[in-house]
Amino acid sequence: MKDSVSAQPGYFAPEDCNLDDLKALTAQETTPEQAPRAAEILKNIPVYQMHDISADLADEKTRAQLMAEWAGILLTGPGVLVLRGACRNSGALDRASQVFEEIIAAEKSAGGEGADHFAASGANDRIWNALQKLCERDPETFMHCFASPGIDAVCEAWLGKGYQMTAQVNLVHPGGAAQLAHRDYHLGFQTSEVSAAFPAHVHALSPVLTLQGAVAHMDMPVESGPTRLLPFSQAYLPGYAAWRLEDFRAYFEENSVQLPLEKGDALFFSPALFHAAGANISSDIHRLANLLQISSPFGRAMETVDRTSMCKLLYPHISNAAVNGTLSVAERAAAIAAVAEGYSFPTNLDLDPPSGGLAPQTQQAFFHQALEEDLDADTFADRLDQMDARRLP
Ligand SMILES: [Fe+2]
């Protein structure tokens with residue numbers, strides 16, 4: 001296969017894309033050496049069982065080895081992996097599903113018709129910023145849904161510490177049509193013209209700025225339309241210029257794969273992977289997934305999230321979970337990482353100078369410090385507001 005960067009040093013235009021290059025990439029097979037800790041490899045997708053890897057996740061050194069394995073899978077391997085049983089609290093998932101249905105009903109009765117990219121209206125309901133909306137309506141349930149050391153580790157494996165969690169719920173009813181093949185945020189959400197105006201090296205950068213995930217809130221057999229995926233396609237560098245081309249889309253239709261998911265399973269993939277939601281051809285399955293889009297601390301997330309208010313809502317619940325021992329340290333850290341800002345910048349360095357290093361304390365670091373110091377909720381909230389005020393221009 002030709003080296004696309006050296007063949008097209010500069011920019012990628014649709015006419016430069018060659019389907020044979022994608023065919024060569026996607027002809028690869030995932031080997032056990034690429035995913036030694038996976039329980040199995042199905043249709044080229046490594047599938048991990050949480051109970052197999054929980055001991056690895058509990059030790060710093062083996063956790064790092066596992067994260068390196070996942071980073072390799074997402075970067076140059078198949079570009080996708082599954083964590084079976086990523087969310088162990090089935091009751092919390094059910095309660096969250098109930099909350100999501102209430103939000104959908106409330107937003108519909110308020111007259112909102114949330115535009116959903118790639119989907120025909122009617123067969124599909126979407127909740128934007130489901131992260132904050134669930135946290136506001138039921139912070140205890142939110143905490144249990146996001147207290148997943150596996151999800152925390154895969155986000156950190158791809159994006160590093162301080163990643164920014166966002167979530168968008170997708171509910172696809174029977175008869176919901178399949179999506180067309182596409183790539184995701186950042187460059188995947190730009191028009192062909194805008195995407196083509198970014199230099200080639202930014203096409204390589206875009207995928208490492210986000211991670212795509214989906215948590216199954218119910219069992220999703222193939223007839224309900226779980227995401228169709230084309231393993232190894234994320235490594236096709238000119239892919240942002242290619243995914244709208246008819247021959248590429250036809251190739252995707254013939255070669256994409258689907259895995260059934262069970263409630264609590266989580267699927268993660270590179271945003272550069274060619275993918276598309278499947279058709280829900282079932283007669284009675286209302287497919288509900290919480291789609292996670294996680295951003296690098298160095299990138300701009302797709303959605304604005306009021307992390308300060310979420311921290312205030314979550315703090316008493318995390319504090320109780322620590323006292324009662326209902327969540328482990330790693331589970332609490334995962335839930336905190338899903339809400340609290342994990343990066344120091346941008347800030348106002350006149351008001352918020354670095355303390356003990358080159359970067360001011362993050363909201364996430366302060367959350368952990370407050371738990372250690374056993375701050376009461378009011379003091380915690382006041383200190384968060386002071387931190388926010390120091391960051392303003
Ligand atoms: Fe997508």
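The values are calculated or read from the model by the stated rules, or taken from the named source; none is laboratory data. Quick caveat, the model's predicted, so the values are computed rather than measured. All Cβ positions, even for glycine, are placed from backbone atoms using ideal geometry, and neighbour counts span all protein chains on display. Each accessible area value is taken on the protein alone, full model and side chains, heavy atoms only, with ligands, DNA and RNA left out. Shrake-Rupley method; radii C 1.70, N 1.55, O 1.52, S 1.80 Å.
General remarks:
- Between helix 307-324 and the chain: long-axis angle, C-alpha atoms, 0 to 90°, nearest 10: 70
- Dipole axis of the range 307-391 (+1 Lys, Arg; -1 Asp, Glu on Cβ), positive-most option in Ser344, Gly325, Pro354: Ser344
- By the Stokes-Einstein formula, at 1.002 mPa s and 20 °C, the chain with its Kirkwood radius over alpha-carbon pairs has D equal to 98 µm²/s.
- Counting only DSSP beta bridges whose two residues both lie in the chain, roughly 90 percent are antiparallel.
- Amide H contacts of Asn124 (H built 1.01 Å from N, in plane; Pro and chain starts excluded): His173 sit under 5 Å, all sequence-distant by 5 or more or on other chains.
- Residue by residue, the range 349-358 carries 3J(HN,Hα) couplings of 6, 5, 8, 10, x, x, 10, x, x, 9 Hz when phi is fed to the Karplus relation 6.51 cos²θ - 1.76 cosθ + 1.60 (θ = phi - 60°); x denotes Gly or Pro.
- Cα-Cα over 23 Å, subset of Lys133/Lys263; Lys108/Lys133; Lys61/Lys161; Lys108/Lys312: Lys108/Lys312
- When the range 154-276 is described by a simple charge dipole with +1 on each Lys and Arg Cβ and -1 on each Asp and Glu Cβ, the residue from Cys155, Phe232, Ala272 located farthest towards its positive end is Cys155.
- The largest accessible area among Ile73, Ile41 belongs to the first residue in Ile41, Ile73, and the rest follow in falling order (1.4 Å probe, all chains).
- Charge-dipole axis of the chain as Lys and Arg at +1 and Asp and Glu at -1 on Cβ define it, positive-most pick from Gln293, Val99, Asn44: Asn44
- Rounded to the nearest 10 degrees, the inclination of helix 90-109 to the longest alpha-carbon principal axis of the chain is 80 degrees.
- Surface share of carbon and sulfur [accessible, 1.4 angstrom probe, percent] for the chain: 53
- Judged by the mean number of other Cβ atoms found within 10 Å, the most tightly packed of the peptides 314-327, 77-90 leads the ranking 77-90, 314-327.
- Summed residue charge, Cβ within 10 Å of Gln132's Cβ, Lys/Arg positive, Asp/Glu negative: 0
- Positive minus negative residues near Tyr185 (Lys, Arg vs Asp, Glu; Cβ under 12 Å): 0
- Charged side chains reduced to their Cβ positions (Lys and Arg at +1, Asp and Glu at -1) give the range 125-268 a dipole of some 300 debye around its Cα centre.
- Solvent-accessible surface of the chain, taken per residue with a 1.4 Å probe and all protein chains present: 43 Å².
- Scalar couplings 3J(HN,Hα) for the range 329-345, obtained by applying the Karplus form with A = 6.51, B = -1.76, C = 1.60 to θ = phi - 60°, are 4, 5, 5, 5, 5, 5, 5, 5, 5, 6, 10, 7, 4, x, 10, 7, 10 Hz; x denotes Gly and Pro.
- Between helix 246-255 and the chain: long-axis angle, C-alpha atoms, 0 to 90°, nearest 10: 80
- Close amide H contacts of Val169 (hydrogens built in the peptide plane, cut-off under 5 Å, sequence separation of 5 or more or a different chain): Ile127, Ala130, Leu291.
- Counting only DSSP H runs of at least 4 residues, each contributing -39500 (n - 2.57), and dividing by the residue count of the chain, the helix-based mean residue ellipticity at 222 nm comes to -12500 deg cm²/dmol.
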